[in-house]
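Reading through the structure tokens given below for one structure.
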Amino acid sequence: MRFIFKTEYAQDIRLFQHGGQVFWYGLLLVLALAAPYLVSGYVLTQLHFVLIYAIVGFGLMLLVGYTGQISLGHAAFLATGAYTEALLQGAGVPFFISLTCAALFSAAVGVIVGLPALRLKGIYLAIATFAFNIIIEEIITRWEHVTGGNSGKLLKPIEIFGYRLGSQESFYYLCLALTVLCCLALINLLRSPTGRAFVAIRDSEVSASCMGINLAYYKTVSFSISAALTGIGGALYAHKVGFISPEQFTLIQSIELVTIVIIGGVGSLHGAVLGAAFIIMLPQAIAIAKGWLPETIPQAGLQSVVFGLILVGFIIFEPYGLYGRWLKIRTYFDVFPFYRRGTFRRQRSYLRSERLR
Amino acid sequence: MFSQFLQLFLAGVAQGCVYALVALGFVLIYKATETVNFAQGDLMMLGAFVALTASTILGWPYWATILFAVIVMAAVGMLIERIVIRPVLGLPTFTVVMITIGIGYILRGVVTMVPGWGTETYALKTPFGDSVLRFGGAVLAIEQLATIALTAALCLVLYLFFRYAKLGVAMQATSQNQLAAYYMGIPVRRVNMLIWGLAAAVAAFGGILLAPIAFVHSNMGFIGLKAFPAAVVGGFGSVPGAVVGGLIIGVVEALSGFYLPEGFKDIAAYVVVLVVLLFMPSGIFGETARKKV
């Protein structure tokens with residue numbers, strides 16, 4: 001059992017709370033760096049996706065997990081990032097500039113989507129973002145001379161300072177570097193006053209505004225940062241698959257992105273990574289399990305059922321997600337034998353309508 | 001010119017009635033539990049498949065089919081509430097929304113696995129036939145008229161139910177303040193279960209009415225996505241609002257499909273909902289919301 005004695009205020013916002021964390025995160029980083037030499041090419045390809053989805057998960061986690069705003073339209077930002085990257089690369093813009101543009105343009109779209117968020121709450125916000133997703137998808141389909149419509153767009157491999165990132169390993173290191181950068185940026189953001197303001201808004205809008213937090217400003221900021229991260233993820237995604245078309249950015253995709261956050265554990269950056277890994281591994285696991293089941297069961301249907309069951313199961317049995325499960329296990333051993341079942345109990349409340357007649 | 005407009009308008013109304021029926025399901029659950037059931041469209045799909053089974057495999061007449069589907073779906077709805085929704089009672093709204101999204105996935109997947117249903121497309125036979133009615137130069141299929149009439153009747157019944165029936169009033173009380181409802185002796189859990197049964201039954205009804213217009217297949221539930229805008233435009237939580245919203249969306253869609261360039265038909269509903277949300281954040285018939293600390 002570890003006690004952390006706090007002797008100064010700055011300890012509260014330290015990047016690493018104690019030496020153990022430095023060791024374990026260092027080990028993780030070393031393993032991540034060595035991964036291309038440890039795993040096969042196929043696993044490496046899956047790791048690309050995990051990293052890309054982790055970046056998107058970070059964006060969504062900031063919005064859903066830390067600011068408490070619901071979005072069912074993040075595939076629209078993913079699409080914005082992907083198409084911006086595709087168009088700029090087509091125009092011969094260097095990678096880092098086009099990536100920045102993808103992030104900035106997604107952020108701009110995020111501000112536009114965030115505008116209704118200033119007036120809408122809960123369900124209405126979910127529906128507004130979802131309407132937005134469908135409109136963006138339709139715009140991409142119809143604006144053929146720019147986006148290529150349903151026939152999609154092809155992307156070339158990334159070129160940085162004249163060096164082509166054609167191989168799996170080099171692309172992996174690019175994804176890894178961007179993931180780590182995004183993660184550090186978010187950690188820094190979250191321990192700054194801005195990040196604290198987000199959390200305050202999540203916990204109670206009324207008390208946040210009483211504390212002098214400008215709700216409209218911070219919600220818009222949250223939406224735009226979240227969209228920018230998703231845009232970066234989108235740009236990498238576009239390069240990863242090499243071909244983008246509107247049907248990759250549907251509402252279903254948006255829901256899958258939200259699932260990353262839910263399965264990983266709402267309100268923790270670890271959760272975004274764990275959730276991303278889970279979502280990527282799930283179809284593989286189902287494909288393997290399919291071999292043991294009768295032939296007549298269609299793959300798509302099975303995937304849909306398993307996906308639904310996992311989503312429902314997590315919400316009912318493990319509302320804090322994978323990371324929450326890990327926390328529980330750790331706490332169990334940390335305080336052994338004094339762990340109580342009520343430690344992580346969810347608070348329930350009697351429902352009360354905010355509608356007035 | 002005018003008759004063409006009338007023709008489009010009436011087709012829009014018929015389509016809007018189906019949206020209204022799905023939207024009614026949303027509104028019922030929202031009214032009683034303050035959550036939105038994203039699986040409503042999929043419940044409708046399941047209802048249509050149940051009706052299809054009764055009609056083609058068992059060979060029952062149309063009216064028996066409707067009754068059968070409605071009863072079966074009411075049971076399914078109550079079962080879903082009992083197994084999945086009740087454990088998360090009292091948790092934040094978004095949790096329940098994600099659960100219903102999960103239920104939607106499960107239902108869509110299960111339907112493709114059932115032998116005889118699968119991923120095929122089916123047509124449901126109706127007794128209305130292909131006859132048409134001429135009305136001021138416009139041509140209207142009897143099927144569409146029947147859809148409109150049945151929707152109107154169902155809405156009236158539901159409106160009266162919430163206005164006058166003891167259970168309906170209890171449902172509204174549950175939604176407005178659960179704790180107070182408990183104190184008044186309302187069995188909140190049982191009321192929730194009944195409301196899910198009712199919403200699923202309405203969904204089955206919607207599925208049967210939609211079947212002649214569209215076809216029965218495992219993805220027909222996605223029409224539920226069009227019904228959201230309907231429920232929002234009318235103001236969630238208002239039965240007349242759902243109907244008006246559904247009609248607005250249906251008519252706007254039909255007209256924009258004809259008068260505006262290609263592509264607008266599919267997004268018309270969502271543009272309308274965004275505009276309405278910008279100017280009237282709680283919809284046309286919505287009650288004003290005020291947060292108390």
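Only the coordinates and a few stated rules stand behind these numbers; no lab work does. All values derive from a computational prediction rather than experimental measurement. Reconstructed Cβ throughout: ideal geometry from the backbone, glycine too, with neighbour counts over all protein chains shown.
Could you please state, rounded to a whole Å, how far the C-alpha centre of the range B:244-278 is from the C-alpha centre of the range B:1-72?
20
How would chain A be classified by its alpha-carbon gyration tensor: rounded, prolate or oblate, with rounded meaning a/c under 1.5 and the a/b versus b/c comparison settling the rest?
Rounded.
Grab the Cα-Cα distance for residue A:346 and residue A:118, subtract it from 0.36 nm times how many residues apart they are, and report the gain in nm with one decimal.
79.3 nm
Under 12 Å from the Cβ of residue B:80, count the other residues' Cβ atoms, weight Lys and Arg +1, Asp and Glu -1, and hand me the total.
So the surrounding residues net to 0.
Is there a simple number for the mean count of other chain Cβ atoms within 10 Å of the Cβ of residues in B:270-278, and what is it?
5
Identify which of B:175, B:55, B:131 has the largest mean-square fluctuation in a Gaussian network model of chain B, with springs joining Cα atoms closer than 10 Å.
Of B:175, B:55, B:131, the Gaussian network model singles out B:131 as fluctuating most.
Per residue of B:102-115, how many C-beta atoms from partner chains lie within 10 Å of its own C-beta, taken as a mean?
Going residue by residue through B:102-115 and averaging, the value is 6.
If you average the sequence gap of Cα pairs under 8 Å that are 6 or more apart and divide by the length of the range B:140-293, what percent do you get for the contact order?
Computed over the range B:140-293, the figure is 18 percent.
Please give the FRET efficiency for residue A:167 paired with residue B:5, using the beta carbon to beta carbon distance and R0 = 45 Å, rounded to the nearest 0.05.
0.15
Looking at this model, which pairs from A:219/B:265; B:226/B:265; A:219/A:328; A:153/B:265; A:219/A:240 are more than 20 angstrom apart at the alpha-carbon?
A:219/B:265; A:219/A:328; A:153/B:265; A:219/A:240
Which whole-number percentage describes the relative contact order of the range A:221-357, with Cα contacts under 8 Å and a sequence gap of 6 or more?
Computed over the range A:221-357, the figure is 23 percent.
Per residue of B:170-178, what is the mean number of Cβ atoms on other protein chains within 10 angstrom of that residue's Cβ?
Averaged over the peptide's residues, the number is 3.
Per-residue counts of other Cβ atoms within 10 Å, averaged by peptide: what ranking do you get for A:4-11, A:260-267, highest first?
Highest mean packing first, the order is A:260-267, A:4-11.
So for the pair residue B:160, residue A:187, with labels modelled 7 Å out along Cα→Cβ, what separation do we get in nm?
Inter-label distance under the simple model: 6.6 nm.
Given Cα pairs under 8 Å that are at least 6 residues apart, what percent is the relative contact order of the range A:39-340?
After rounding, I find 33 percent.
Sticking to Cα atoms, compute the Rg of the range B:2-279 to one decimal and its Dmax as the biggest Cα-Cα distance, whole number, in Å.
Both quantities, over Cα of the range B:2-279: 18.6, 59 Å.
For chain B, with a Gaussian network of springs between Cα atoms less than 10 Å apart, report the residue from B:23, B:153, B:48 with the top mean-square fluctuation.
B:153
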